[in-house]
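The values are calculated or read from the model by the stated rules, or taken from the named source; none is laboratory data. It should be emphasised that the depicted structure is a prediction, and the values quoted were computed from it without experimental measurement. Quick reminder, even Gly has a Cβ in these numbers, built from the backbone with ideal geometry, and neighbours come from all protein chains shown. Surface accessibility is based on the protein's heavy atoms, side chains included, excluding ligands, DNA and RNA. Shrake-Rupley method; radii C 1.70, N 1.55, O 1.52, S 1.80 Å.
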Amino acid sequence: MIPNELSEQEQIRRNSLEELRRMGIEPYPAAKYPTNAFSTDIKAEFTDPEDPTDHSSLRQVCIAGRMMSRRIMGKASFVELQDSKGRIQVYVTRDDICPGEDKELYNTVFKKLLDLGDFVGIKGFVFRTQKGEISVHAQELTLLSKSIRPLPIVKYKDGVAYDKFDDPELRYRRRYVDLVVNDGIKDIFLKRTKVYNTMRDYFNAQGYTEVETPILQPIPGGAAARPFVTHHNALDIPLYLRIADELYLKRLIVGGFEGVYEFSKNFRNEGMDRTHNPEFTCMEIYIAYKDYNWMMQFTENMLERICREVNGGTEVEVGGQTISFKAPFKRVTMREAILEHTGVDIEGMDEEALRQVCRDLHIETDPSMGKGKLIDEIFGEKCEGNYIQPTFITDYPIEMSPLCKRHRHNPELTERFELMVAGKELCNAYSELNDPIDQLERFQEQLRLSEKGDDEAMFIDLDFVRALEYGMPPTSGMGIGMDRLVMLMTGQTAIQEVLFFPQMRPEKKAAAQEENQEPVPTDQE
């Protein structure tokens, strides 16, 4: 987007850019700059020298980053430089960066043509100021990249903050600005990486194999969800963006892998809110010769380890509540959960009886809903939000779980659990159905639901049934929403806070109009 009209500050910066070029200074020089230190490391490794006046004994460094503040005091100035790890103060004097007769680099370039947000390189030595702050004394200053749009850097006057960049719409749309000016945002995403790495280490240490499966699929299988559909021109067929990778991963178990897992980008063509994004990341793992009881213990131990690695303990604060990931977690059956929170025992109820329960509980339904959907609505409306501490909800009715093995003690139930944390589902796991005849019948029931109007019912995947016909060993599988897990581990209550670039609704006004109407921050120094 090219703005039709530049703000005053933007025009001043472009004029500075041209003036730099007239002076023979390239505002966007060659990419390489020989940095050898970071702000945080400089501070952590500093030791006071015996003779602070002996500059030759002080540590020489070469650093680079953005100018985030500047205080000009005649022939000397202080700059706050922000690099990828943090901030450090830089002391700049006219005679140090301009040792000869020509003082133009300081008087004109540094004082007048450089702006907050510009990237600069600094070579100099590390010292401690009279006020005790570890700083870098600049001996060389190089412009590395000119910023021609002002950053909304917060200024304070009489205790009031100005130019705060805290509007969620703008923060999510312009994450690149959010990361620069708002403290703590980058830490969320560094913790996200730590969550992934800890989980990978946990799986790899037990000999499981990370794999990749297709994102474009001829049948959107593995979950009950509305898919995104596209068209492959060369093959002249519809294709679907993956809603889950379950059926492909179980094919690999058929093929002889004992344990496989994947961090997959999934896509569901459904609503957006504080806990749902149409593009999201899920981790699914499948392990042969295990069942859902084993998987519960495996899952709670994994989550406790992740919490310790990311937060240094087993507790996190989320939405004003303290959540403990100390294993073991509580276990409650689906029937017990509904009975506890509604007073209704659903055991043995047919579809019409469940519809009446929904009417009595003032839960909206529609004719496309079968038994599974009705039970799911009851649990979602009346039970789910009550489970703040990690709780395994187990033994789901068979109608709710078309890919799940029947319960060994009750054929009307399945060996399934969902892990509820902070009132939301985090994990879903089964003892996997490996009976191909039973699986085909379950798929056919899903087809009947689809014909009734359920647009989230599963497709029949005949190739997956064929794979099961070759034989799949007893297997347990588990899927976990990675974005929700990161929300919990970082204490966030909105999924948009843990996605670099969340899906956003179209802007209400034309982008150019918005650009001209926004208050433009100024470089108050």
field: J(HN,Hα) series, the stretch 106-122, from Karplus relation 6.51 cos²θ - 1.76 cosθ + 1.60, nearest Hz, glycine and proline x
entry: 8, 5, 9, 5, 5, 7, 10, 9, 8, 9, 4, x, 5, 8, 10, x, 10
- prompt: Along the charge dipole of the stretch 186-237, which of Gly221, Thr198, Leu235 sits closest to the positive end, that is, farthest toward it, with unit charges on the beta carbon of Lys, Arg, Asp and Glu (+1, +1, -1, -1)?
  reply: Thr198
Approximate spin-label separation Phe263-Met68, in nm, with each point projected 7 Å along Cα-to-Cβ: 2.6 nm
message: For the chain, give me the percentage of DSSP beta bridges that are antiparallel, rounded to the nearest 5 percent.
response: 90 percent
- request: Using R₀ = 35 Å, calculate the FRET efficiency as 1/(1 + (r/R₀)^6) where r is the Cβ-Cβ separation of Asn36 and Lys75; round to 0.05.
  value: 0.80
Helical mean residue ellipticity (222 nm; -39500 (n - 2.57) per DSSP H run of 4+; nearest 500) of the chain: -9000 deg cm²/dmol
task: Check the straight Cα-Cα distances from Lys32 and name the lysines below 30 Å, setting aside those fewer than 8 residues away within the same chain.
output: Lys43, Lys75, Lys85, Lys103, Lys111, Lys112, Lys123, Lys146, Lys186, Lys191, Lys194
- prompt: What distance in nm separates the simple spin-label points at Leu190 and His55, each placed 7 Å from Cα in the Cβ direction?
  reply: 3.2 nm
Computed E for Arg359/Lys155 - FRET, C-beta separation, R0 51 angstrom, nearest 0.05: 0.30
statement: Out of Leu440, Ile134, Pro390 - ranked by how far each Cα lies towards the positive end of the dipole of the chain, with unit charges on the beta-carbon of charged residues - the top one is Ile134
- prompt: Tell me, what is the per residue accessible area of the stretch 153-210 in Å², probe radius 1.4 Å?
  reply: 58 Å²
message: Counting other C-beta atoms within 10 Å, and keeping those with at most 15, which DSSP coil GluC sites (Glu not before Pro) do you find in the stretch 55-130?
response: Glu101
message: Among 389-395, 378-384, how do they line up by average Cβ neighbours within 10 Å per residue, starting with the highest?
response: 389-395, 378-384
field: Size of charge dipole - the stretch 1-148 - debye, nearest 20, with Cβ of Lys, Arg +1 and Asp, Glu -1, no other charges
entry: 280 debye
- request: Take the Cβ-Cβ distance between Glu441 and Phe228 as r, set R0 to 25 Å, and report the resulting FRET efficiency rounded to the nearest 0.05.
  value: 0.30
message: Suppose the chain between Asp102 and Glu5 were pulled fully straight at 0.36 nm per residue; how much longer would it get relative to their current alpha carbon spacing?
response: 31.2 nm
task: Take each of the peptides 323-334, 123-134, average the number of other beta-carbon atoms within 10 Å over its residues, and list them starting from the highest.
output: 323-334, 123-134
query: Using alpha carbons only, how many degrees (0 to 90, rounded to 10) separate the axis of helix 185-204 from the longest principal axis of the chain?
result: 50 degrees
field: Net charge dipole size for the chain [Lys, Arg +1 and Asp, Glu -1 on Cβ; Debye, nearest 20]
entry: 1600 debye
statement: Output for the stretch 258-290: chymotrypsin sites (Phe, Trp or Tyr not before Pro) sitting in coil per DSSP, at most 15 other Cβ within 10 Å, listed by number, reads Tyr289
query: Order of 231-241, 65-75, 417-427 by packing, highest average Cβ count within 10 Å first?
result: 417-427, 65-75, 231-241
- request: Count neighbours as other Cβ atoms within 10 Å of each site's Cβ, and list the GluC sites (Glu not before Pro) in the stretch 211-292 that are DSSP loop with at most 10 such neighbours.
  value: Glu212
field: Options Asn277, Gly159, Gly477, ranked by Cα towards positive dipole end of the chain, top entry (Cβ charges)
entry: Gly159
query: In nm, to one decimal, how far is the modelled label at Tyr470 from the one at Ala44, with both set 7 Å along Cα→Cβ?
result: 5.0 nm
field: the stretch 376-462 - charge dipole about Cα centre, Lys and Arg +1 at Cβ, Asp and Glu -1, debye rounded to 20
entry: 300 debye
